[in-house]
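Engineer: For reference, the structure I am asking about is given below.
The values are calculated or read from the model by the stated rules, or taken from the named source; none is laboratory data. Since this is a predicted model, take the numbers as computed values, not measurements. So basically every Cβ, Gly included, is an ideal-geometry build from the backbone, and we count neighbours across all protein chains shown. For accessibility, only protein heavy atoms count, side chains too; no ligands or nucleic acids. Shrake-Rupley method; radii C 1.70, N 1.55, O 1.52, S 1.80 Å.
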Amino acid sequence: YELMTLRKAFDGSSLPALVLNIVRGEYPEPPQELFTPELRALLRAMLARDPGGRPTAEEVLSSAAVRPQVRDYAAALRASLNERPTLLARAPSFADYARGNGDRAFSRPTSAALSTSTSTAMRAAVRAGAGSRAGARGAGAFA
């Protein structure tokens, strides 16, 4: 709501007035001419008085109002990770030095290894959120 209107959804001249407005679930509707019906419907669902009626994070991310932005963000993130040089080398361990390989253990990976590591890390991060109700549940939210 605040990102859409640059105001707080619930306001009051005192703490009891603020609490009353929150409990009632009353807030000024955002201007219809500025926001799509899908985004306004998502906002109403997210501010529903009954917590059971509010969408999960997965539902928000896969909604018609948000999904295109998530897809664009994911594509931009993938592109920036592929363009930016990253040092993913590991520091040499004590065992590397003991074997006389300390200097060779600290090496820069090839660009092919970087893109593979980045893709693997992104897939692992998406899978890691799969069991969380608050997180995006698997790659389906980003597909």
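Engineer: Tell me which residues, restricted to segment 1-25, are under 15 Å from Arg49 (Cα atoms), loosely packed, with under 13 Cβ neighbours inside 10 Å and of a type outside the set (A, V, I, L, M).
Structural biologist: Matches in segment 1-25: Arg24 only.
Engineer: Looking at Arg67, Arg71, Arg44 in this structure, which one is open to solvent by less than 70 Å² (accessible area, probe 1.4 Å) and charged (D, E, K, R)?
Structural biologist: Arg67
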